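The values are calculated or read from the model by the stated rules, or taken from the named source; none is laboratory data. Please read all numbers here as calculations on a predicted model, not as lab measurements. All Cβ positions, glycine included, derive from the backbone under ideal geometry; neighbour counts span all protein chains shown.
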Amino acid sequence: MVCRKSASALIAFLVAPLLQATPLPESDGLVHQGVASCASSICHGRVETADNANVWLTEYRVWLREDPHAGAYKTLLSDESRRIARNMGLDNAHEAQACLACHADNVPAELRGDKFHLDDGVGCEACHGGSEQYLMTHTEMNRLHRLNLEQGMYPTDQPAEKAALCLSCHLGTTDKLATHEIMGAGHPRLSFDLLAYTINQPVHYAVDEDYRDRKTVTTDLQTWLFGLVGQSRAYLNLLVNAGSSSGSAPIGEFAMYQCHACHRPMSPLQWEPDTKFAGSLSPGSLRLNDGPITVLITVLEQLDDALAREALASLNDLHYVSTQGVNKLQTSSENLIATFARFETVLAERDFNREDLLALYRYLLQSASAGEFHYFSQAEQVFLAAETIAIAAGIDEQVQGVMTDWYATMLDENRFSKTRFAEAASRVLSSI
């Protein structure tokens, strides 16, 4: 395909918690010992993978040499980051808490061990949790994964928990958010897809028999769906919290709204009603950034029509109340979150055969061809969904050419055309 590496083959079945409940590593209250505590040649710093261990023991070197997370802090020293900091009135980016929150393992000073260095960037414990309690015990022979979790290791194998972890930076939390001010100063627009990000991150583990015995394993399709639900839920929680902090203000944090509803040319006139997802909005209304939610509802229309109808009604209500004041968003947001949680329950117990995948693929293409997706943030989510399903169904080589042409309609988000996107989707649909 064209925008990410090919997905791995479908793997084992899923039994997972449905809602992220574990404290994120940044707030686990444990001492973070630092990357150097994992880097020795007898730990995770070997040059070659170990034959007599249940992990590779090369994880530190993979992170250091291949993983962009290792360079997250150094990004703050770039000319672009200096310009963003200057635009925000900050002395520099590499000391600003708003930047360090996502570009480093920025735990409080009292929770930094002797080998901890802030300039290590997003290191081991930023994802796996402070190692204060498990560092000396997690290497014991026949060590149960459950015991590591009890001692503070973060359950990255659980898709809902993993989605919450990644989204805490790639979308934000109430404590750290790429606000409209930050993006206005020059920070790139954030986008996220759990499966695509998982696949593109350098692999530092093998899903072998030992891994399956100890941890949860999901198919690529399930990872994508759990990520889509997690992204929708995280956005809705942010939206509600932004509303409650704004009191009776008519507009909350601008980062919660659809960027391209405003950031596009005034001429030619481009507005048209979205009668499906946001029928209550009139010309000139700010539109919530509902891209992942609209795609999730489209998936539900194929997989669970009753849940789809509930979610669609709640989303339309959400758009309506957003024009009445952000303090009125909570009920509609909670209704959507509850609906999506019920879908997670179904998803945890459902497998998909090839016919299911092809039916879902066709339905997404039909929806795209019908022009149901008005904005770039919707289009990128739809494309990633279709690409994921094509790979899972084994038709990716068959549709590669037309998918590449479809992707080409999204190369410039500032010139995105709903019409060209729909026309290209129609050609993909005709090819299968």
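Taking (1) in a helix (DSSP H, G or I); (2) surrounded by fewer than 22 Cβ atoms within 10 Å (Cβ to Cβ); (3) modelled with pLDDT under 95; (4) not hydroxyl-bearing (Ser, Thr, Tyr) in turn, residue 250 satisfies each apart from (1). For the criterion of being over 28 Å from residue 388 (Cα atoms), within 24 Å of the chain's Cα centre (by Cα) and of a type in the set (Ser, Thr, Tyr), residue 332 passes.
Among the candidates 55, 35, single out the residue that is touching a Lys or Arg at 6+ places or on another chain (Cβ under 8 Å), of a type outside the set (Ser, Thr, Tyr), at pLDDT 85 or above and over 19 Å from residue 150 (Cα atoms). Steps first, please.
Working: 55 fails: touching a Lys or Arg at 6+ places or on another chain (Cβ under 8 Å).
Result of the check over 55, 35: 35.
Among the residues of segment 164-196, just one is part of a helix (DSSP H, G or I) and either in contact with a Cys (Cβ under 6 Å, 6 or more places away or on another chain) or at positive phi (or both), namely 169.
Of the residues examined, residue 205 is not one that is over 28 Å from residue 51 (Cβ atoms) and either at pLDDT below 95 or crowded, with 21+ Cβ neighbours inside 10 Å (or both). What about residue 161, is it farther than 21 Å from residue 67 by Cα and either among the acidic types (Asp, Glu) or not in a helix (DSSP H, G or I) (or both)? Spelling it out, it is not the case that residue 161 is farther than 21 Å from residue 67 by Cα and either among the acidic types (Asp, Glu) or not in a helix (DSSP H, G or I) (or both). Counting only helices (runs of 4 or more DSSP H) wholly contained in segment 346-408, the ones carrying 3 or more residues that are of a type in the set (Gly, Ala, Ser) occupy 354-369, 376-393.
One residue stands out among those in segment 299-324 that are at pLDDT 95 or above, buried (at least 17 other Cβ atoms within 10 Å of the Cβ) and under 18 Å from residue 273 (Cβ atoms): the one that is nearest to the chain's Cα centre (by Cα), which is 315.
Rundown of residues vs (1) closer than 29 Å to residue 145 by Cβ; (2) under 27 Å from the mean Cα position of the chain (by Cα); (3) surrounded by fewer than 17 Cβ atoms within 10 Å (Cβ to Cβ), yes/no style:
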{"site": "46", "(1), (2), (3)": "yes, no, no"}
{"site": "50", "(1), (2), (3)": "yes, no, yes"}
{"site": "61", "(1), (2), (3)": "yes, yes, no"}
{"site": "65", "(1), (2), (3)": "yes, yes, yes"}
{"site": "86", "(1), (2), (3)": "no, no, yes"}
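Filtered by the rule that a residue be in a loop (DSSP other than H, G, I, E, B) and either touching a Leu at 6+ places or on another chain (Cβ under 7 Å) or at pLDDT 50 or above (or both), segment 8-32 gives 21, 22, 23, 24, 28, 29, 30, 31. When the test is whether a residue is modelled with pLDDT under 95 and under 19 Å from residue 259 (Cβ atoms), residue 331 does not pass it.
Could you tell me whether residue 119 is of a type outside the set (A, V, I, L, M) and in a loop (DSSP other than H, G, I, E, B)? No; evaluated as a whole, the condition is false for this residue.
Do the conditions hold for residue 419, that is, is it out of contact with any His (no Cβ under 6 Å at 6 or more places or on another chain) and either surrounded by fewer than 23 Cβ atoms within 10 Å (Cβ to Cβ) or modelled with pLDDT under 95 (or both)?
yes
For segment 128-148, a tally of residues being surrounded by 18 or more Cβ atoms within 10 Å (Cβ to Cβ) and either in a helix (DSSP H, G or I) or of a type in the set (A, V, I, L, M, F, W, C) (or both) returns 3. In segment 226-233, the condition of being crowded, with 21+ Cβ neighbours inside 10 Å, in contact (Cβ under 8 Å) with a residue 40 or more places away in the chain and of a type in the set (S, T, N, Q) is met by at least one residue. The residue pairs whose first member lies in segment 164-189 and is small (Gly, Ala, Ser), whose second member is in a strand (DSSP E or B), and whose beta carbons are closer than 9 Å, counting only pairs six or more residues apart or on different chains, are 178/172. Quick one: would you say residue 185 is surrounded by fewer than 18 Cβ atoms within 10 Å (Cβ to Cβ), at pLDDT below 95 and either more than 17 Å from residue 26 (Cβ to Cβ) or in contact with a Pro (Cβ under 8 Å, 6 or more places away or on another chain) (or both)? Against the criterion (surrounded by fewer than 18 Cβ atoms within 10 Å (Cβ to Cβ), at pLDDT below 95 and either more than 17 Å from residue 26 (Cβ to Cβ) or in contact with a Pro (Cβ under 8 Å, 6 or more places away or on another chain) (or both)), residue 185 does not qualify. Any chance segment 257-268 includes a residue that's of a type in the set (S, T, N, Q) and touching a strand residue (DSSP E or B) at 6+ places or on another chain (Cβ under 7 Å)? Within segment 257-268, one or more residues are of a type in the set (S, T, N, Q) and touching a strand residue (DSSP E or B) at 6+ places or on another chain (Cβ under 7 Å).
Could you say whether any residue in segment 376-384 is surrounded by fewer than 20 Cβ atoms within 10 Å (Cβ to Cβ), out of contact with any Asp or Glu (no Cβ under 9 Å at 6 or more places or on another chain) and not hydroxyl-bearing (Ser, Thr, Tyr)? No.
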